[in-house]
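Colleague: Questions regarding the structure given below will be posed in turn.
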Amino acid sequence: MAEPDFEAQLTRMFAEAPSFPDAPLFNAEVAAKLDRGWTMRRMFIGLAGTAAGLIAAFQILSSRFSSEVTQLSRNSGHNLQTELDAGYAKFNALFASPGSSEAVWLAACLAVVALAFAVTRMVEDF
């Protein structure tokens, strides 16, 4: 049979976790690695969202002008200067007037949502 003092001492020794002198440094390194992983994820998600938004905006704006581009290619029998002038006019019309009011409202709403996400992310970081 074991002595009660020895049993109590053994129980006490294994009940408490040993402390290491570099425990705060280890905790800081682990936290930094975890934060770095989240930063990379946030960056990739942001880049993917930006790319998807640009593609969606291009699709919305170009959908109205697809028939006009088809018309330009159909009239290819004209001389080059006439075609260049017509293409330049269509290009100016693309930036001078939006595709439709719905496209403008959709783009504005998407910009507001993106701004709201950016603000919430900044608030979380501070």
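The values are calculated or read from the model by the stated rules, or taken from the named source; none is laboratory data. Source: prediction; values computed, not measured. Methodologically, a virtual Cβ is constructed for each residue, glycine included, from the backbone with ideal geometry; neighbour enumeration extends over all protein chains shown.
Colleague: Can you find a residue in the range 40-57 that is loosely packed, with under 11 Cβ neighbours inside 10 Å and either more than 30 Å from residue 125 (Cβ to Cβ) or modelled with pLDDT under 75 (or both)?
Modeller: Looking for residues that are loosely packed, with under 11 Cβ neighbours inside 10 Å and either more than 30 Å from residue 125 (Cβ to Cβ) or modelled with pLDDT under 75 (or both), one finds none in the range 40-57, hence no.
Colleague: Let me ask something additional. Regarding the range 12-19, can at least one residue be identified that is over 30 Å from residue 105 (Cβ atoms), exposed (fewer than 10 other Cβ atoms within 10 Å of the Cβ) and aromatic (Phe, Trp, Tyr)?
Modeller: Residues of the range 12-19 that are over 30 Å from residue 105 (Cβ atoms), as a first pass: 12-19.
Okay, now just the ones that are also exposed (fewer than 10 other Cβ atoms within 10 Å of the Cβ), so 12-19.
If we keep only those that are aromatic (Phe, Trp, Tyr) too, we end up with 14.
The answer is yes; a qualifying residue exists.
Colleague: Right, here's the next one. Across the range 80-90, what is the number of residues that are modelled with pLDDT under 70 and closer than 18 Å to residue 59 by Cβ?
Modeller: Final tally of qualifying residues: 0.
Colleague: I need the full set of residues from the range 91-126 which are at pLDDT 75 or above and over 20 Å from residue 54 (Cβ atoms), in order please. If you could, list the steps in order and put the result at the bottom.
Modeller: Of the residues in the range 91-126, the ones at pLDDT 75 or above are 105-124.
Those that are at pLDDT 75 or above and over 20 Å from residue 54 (Cβ atoms): 119, 120, 122, 123, 124.
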